[in-house]
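Below: the structure, in structure tokens.
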Protein chains: 2
Amino acid sequence: MNIVEIIKKKRNGGKLTRREISYLIHGYLDGEVADYQITAFLMAVYFRGMDDEETINLTEIMLNSGDIIDLSRIKGVKVDKHSTGGVGDKTSLILAPQLASLGVFVPMISGRGLGHTGGTLDKLESIPGFRINMDVEEYKKTLEKVGCVMIGQTTKIAPADKKIYALRDVTATVDSLPLIISSILSKKHAEGAEALVFDVKIGTGANLQDEKESEKLAKQLVSVSKKFGTKAIAVLTDMNQPLGNKIGNWLETEECIEVMKGKKVDDLLKVNNVLAGAMLLLAGKAKDIDEGEIIAGQAIDNGTAYNKFLEMVEVQDGDVSYIKDYKNLKRPAHSHKFVSEKEGYITKLDAFNIGVASVELGAGRKTAEDKIDYLSGIILSKKCGDKVSHGEVICELFAENEDRIINAKEYVKRAIEIGDEKKSQRKLIIDIID
Amino acid sequence: MNIVEIIKKKRNGGKLTRREISYLIHGYLDGEVADYQITAFLMAVYFRGMDDEETINLTEIMLNSGDIIDLSRIKGVKVDKHSTGGVGDKTSLILAPQLASLGVFVPMISGRGLGHTGGTLDKLESIPGFRINMDVEEYKKTLEKVGCVMIGQTTKIAPADKKIYALRDVTATVDSLPLIISSILSKKHAEGAEALVFDVKIGTGANLQDEKESEKLAKQLVSVSKKFGTKAIAVLTDMNQPLGNKIGNWLETEECIEVMKGKKVDDLLKVNNVLAGAMLLLAGKAKDIDEGEIIAGQAIDNGTAYNKFLEMVEVQDGDVSYIKDYKNLKRPAHSHKFVSEKEGYITKLDAFNIGVASVELGAGRKTAEDKIDYLSGIILSKKCGDKVSHGEVICELFAENEDRIINAKEYVKRAIEIGDEKKSQRKLIIDIID
């Protein structure tokens, strides 16, 4: 087999055989295929796509390039959620303990922030001491004991994806459906879950800009998962404005804690509990998503989700006192109140620009080497549809230095539109695909 | 400036600025841009193309990445020819001495065989001792003394092209118009010629398969050259069957010698003399191509082209006695006569498959490390339109071992079609663009 012929075949719109994809991936891992050949191939895939069979083969070959965790010794249904990424998208921190408190095992392997979107691992690490590195045995033991566990990807899981993902990030080949699908599913199917719920974001703050592409992504995540014998549901949710009111690593963790302690953050709770409902349905603990949503809401209302969260934090070496100490408001040195220059209604609160602003404030990385400032971020006092008067605070920006706030303000300014009339609101839950 | 944004811009169909192209090329030469980023970019260019301005900028930046040879001290017009590559395409070996014998300086920097097509350097090196490496000063002196010089690309000429070409070859990004044009012209404009004639091949044996693309290539080679102040003419010639009757490195050199000594190989002579005519026109030595063609023919008929060839070989350390010793027929150990299985007319003699067969015989390289066998190749006894009887020889294959002949026969079989009726012949000179 010849790597140039394989690249050319895909470039010319051909369909690759399983053997050709295997040669490509294993050749790359073995050092026979060069990274400059893989990136040319990835760009060809960006333009030509892959059909279902090719995508399934690519996923399976990447999955089998590493360890697949066997959770069969844990008696009970294992369900996980994966989000395609958004701004203020923090449901994982609620869902894992919430579902665990309802008797569903949640084995969750998460990622870091990427571009303008946040990452679960960074949010967890905003809790002092929280440890996201574990070997497989400890991962299993923690899951068995607590009912949920949240860690980072190990080098042994889907190493082909790890290497390829690093190249995609620096060659403008991230937003390609078959590459996204194979990357997500090769990791997710390695972590041992029997059922998966996908939160596919649609809107300016989503990683995939095209709405039709997002729908296709949702459908393919479900259909490809089923080919692997994994039950799956995809929920398409709005990401035109940030989810919830807080953006930033500790700020998002704080908002999750507040919600689990009873605070009503409507959009966050709605998306969270629909996802939880879908997970409960797949776990056989609810007859449909609606019933699951109600059951999930009760686990928050009666405090069991919050208690489970504290238990998980403690087991994973996080500082529980830091969470409980609500008198110590954790805020960085500098802040700025962004006020409205006129009276009206918020018609736009663009998630992408808010996300970029929060990176500027220190909540995200511009290069892989950047250090995150856990306390920085944005608190929204207003959301789309809210009335605002002249001089009233729309949001507050937090950072460790003034320069960061000056830079971030530009993006916040771009994000906000105020109109004379209240615009009809977008649907929060756009579609459910199963 | 950000390399990922530049790749993404081209990927999305955007037009790159001169600054962006410069950042890309110089970043690559400086090591700031990785080869795996360049190859993703090249594949994006394959799909999205480049407009005239981008192509000109890319060419100029690659040209200026290295030395530009100054031939102004040589008094006289300097004209070169470049072919896009074909099978049996050997005109350079005739044209250089032929034009030099007519008082036109021919500074020729050539390449090696690529895929199924041969390369001038390999043909020259089939003459024992012939030296294709020279520094710039010797190159100038030889040109001044002999009137022509034929060497290989030095590392100092268009180093950006050298690096990028190596990547294109192994990532299926060779056949992209802006990449072909910038690669050819960045080298050709560095060698010091004031006028260029392009032989753009059309047909199965050409490097570019699409006929429309070849026409576009011819037009752009001429228009971009003119932007650089270089006079230019492109001749579109047929490459559906090999040019001339001999294919292989020494075999082609031998055929050129035979032609210069008076043998009438019709198609080879026609293409050669039209190209020579165009060169004479650009050099101001003919009022049009037709007149130039006649003048060129005389330089062969009166033996001055052949004498100039011997002079060039001698000056470049080639063994002139090897050329003159016609009693020693230089043939490898094994040969095979390919005969017709029926009576009829040759309707197809597919240049691509004949080219591949000659690579199989040892006349070309499958990998960059392969050693060429200079004596191997194919002699055609018949060409398209010729009548053939049952059992009559169509061609003879030559190689150093029997296995090579067995492999090559398969491709020769694929190349030949015999029909009951004589098909109308394709035009040899398809179009002339100036």
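The values are calculated or read from the model by the stated rules, or taken from the named source; none is laboratory data. Everything numeric in this text was worked out from a predicted model, so none of it was measured. Neighbour counts are summed over all protein chains in view; Cβ atoms, including those assigned to glycine, are modelled from backbone coordinates with ideal geometry. We work out accessible area using only protein heavy atoms, side chains counted, and drop any ligands, DNA or RNA first. Shrake-Rupley method; radii C 1.70, N 1.55, O 1.52, S 1.80 Å.
If a residue has to be open to solvent by less than 30 Å² (accessible area, probe 1.4 Å) and either outside any helix (DSSP H, G or I) or aromatic (Phe, Trp, Tyr) (or both) to count, how many in segment B:385-405 make the cut? Before you say what the answer is, go through the steps one by one.
Residues of segment B:385-405 open to solvent by less than 30 Å² (accessible area, probe 1.4 Å): B:385, B:388, B:394-395, B:397-399, B:405.
So of that shortlist, the ones also either outside any helix (DSSP H, G or I) or aromatic (Phe, Trp, Tyr) (or both) come out as B:385, B:388, B:394-395, B:397-399.
Counting residues in segment B:385-405 that are open to solvent by less than 30 Å² (accessible area, probe 1.4 Å) and either outside any helix (DSSP H, G or I) or aromatic (Phe, Trp, Tyr) (or both) gives 7.
Quick one: in segment B:306-355, which of the residues that are of a type in the set (Lys, Arg) and in a loop (DSSP other than H, G, I, E, B) is surrounded by the fewest Cβ atoms within 10 Å (Cβ to Cβ)? Spell out the reasoning first.
Initial filter on segment B:306-355 (of a type in the set (Lys, Arg)): B:308, B:324, B:327, B:330-331, B:337, B:342, B:348.
Subset that is in a loop (DSSP other than H, G, I, E, B): B:327, B:330-331, B:342.
Details: B:Lys327: 5, B:Lys330: 15, B:Arg331: 15, B:Lys342: 11.
In this case the residue turns out to be B:Lys327.
Show the residue pairs meeting these rules: Cβ distance below 6 Å; 6+ apart or different chains; first residue within segment B:277-305 and without any contact (Cβ under 8 Å) to a residue 40 or more places away in the chain and acidic (Asp, Glu); second residue in a helix (DSSP H, G or I) and open to solvent by less than 50 Å² (accessible area, probe 1.4 Å).
Cβ pairs passing all conditions: B:Glu293/B:Asn273; B:Glu293/B:Val274; B:Glu293/B:Gly277.
Here's a check for you: in segment B:170-204, which residue that is more than 20 Å from B:Lys123 (Cβ to Cβ) and of a type in the set (D, E, K, R) is farthest from the other protein chains (Cβ to nearest Cβ)?
B:Glu194
Which count do you get for residues in segment B:89-113 that are at pLDDT 95 or above and part of a loop (DSSP other than H, G, I, E, B)?
5
Taking segment B:406-425, which residues are surrounded by 14 or more Cβ atoms within 10 Å (Cβ to Cβ) and part of a loop (DSSP other than H, G, I, E, B)?
Within segment B:406-425, just B:Lys422 meets the criteria.
Of the residues that sit in segment A:39-59 and are open to solvent by 20 Å² or more (accessible area, probe 1.4 Å) and among the aromatic types (Phe, Trp, Tyr), which one is nearest to the other protein chains (Cβ to nearest Cβ)?
Among those residues, the one meeting the criterion is A:Phe47.
Only one of these conditions is not met by B:Asp67: (1) in a helix (DSSP H, G or I); (2) more than 14 Å from every other protein chain (Cβ to nearest Cβ). Which number is it?
Looking at each condition in turn, B:Asp67 falls short on (1).
What's the number of the condition A:Lys15 fails, among (1) within 25 Å of A:Ala166 (Cβ to Cβ); (2) more than 26 Å from the chain's Cα centre (by Cα)?
Result: A:Lys15 passes all but (1).
I need the full set of residues from segment A:287-330 which are acidic (Asp, Glu) and farther than 16 Å from A:Val259 by Cβ, in order please. Before you say what the answer is, go through the steps one by one.
Kept after step one, since they are acidic (Asp, Glu), are these residues of segment A:287-330: A:288, A:290-291, A:293, A:301, A:311, A:314, A:317, A:319, A:325.
If the condition is that a residue be acidic (Asp, Glu) and farther than 16 Å from A:Val259 by Cβ, then A:Asp288, A:Asp290, A:Glu291, A:Glu311, A:Glu314, A:Asp317, A:Asp319, A:Asp325 are the ones that fit.
Output the residues belonging to segment A:1-38 that are among the acidic types (Asp, Glu), facing another protein chain (nearest Cβ under 10 Å) and buried (at least 18 other Cβ atoms within 10 Å of the Cβ). Outline the logic, then answer.
Restricting attention to segment A:1-38, the residues satisfying the condition of being among the acidic types (Asp, Glu) are A:5, A:20, A:30, A:32, A:35.
With the extra rule that they be facing another protein chain (nearest Cβ under 10 Å), the set shrinks to A:5, A:35.
Result: A:Asp35, single match.
For B:Gly292, which of the numbered conditions (1) open to solvent by 10 Å² or more (accessible area, probe 1.4 Å); (2) touching a Leu at 6+ places or on another chain (Cβ under 6 Å) fails to hold?
Unmet condition: (1).
Being more than 14 Å from chain B (Cβ to nearest Cβ) and crowded, with 24+ Cβ neighbours inside 10 Å is the filter here; which residues of segment A:158-169 pass it? Before you say what the answer is, go through the steps one by one.
Our first condition is that a residue be more than 14 Å from chain B (Cβ to nearest Cβ); within segment A:158-169, this holds for A:158-162.
Residues satisfying the conditions are A:Ala158, A:Asp161.
If you go through segment A:147-155 one residue at a time, do you hit one that is out of contact with any strand residue (DSSP E or B) (no Cβ under 6 Å at 6 or more places or on another chain) and open to solvent by 10 Å² or more (accessible area, probe 1.4 Å)?
yes
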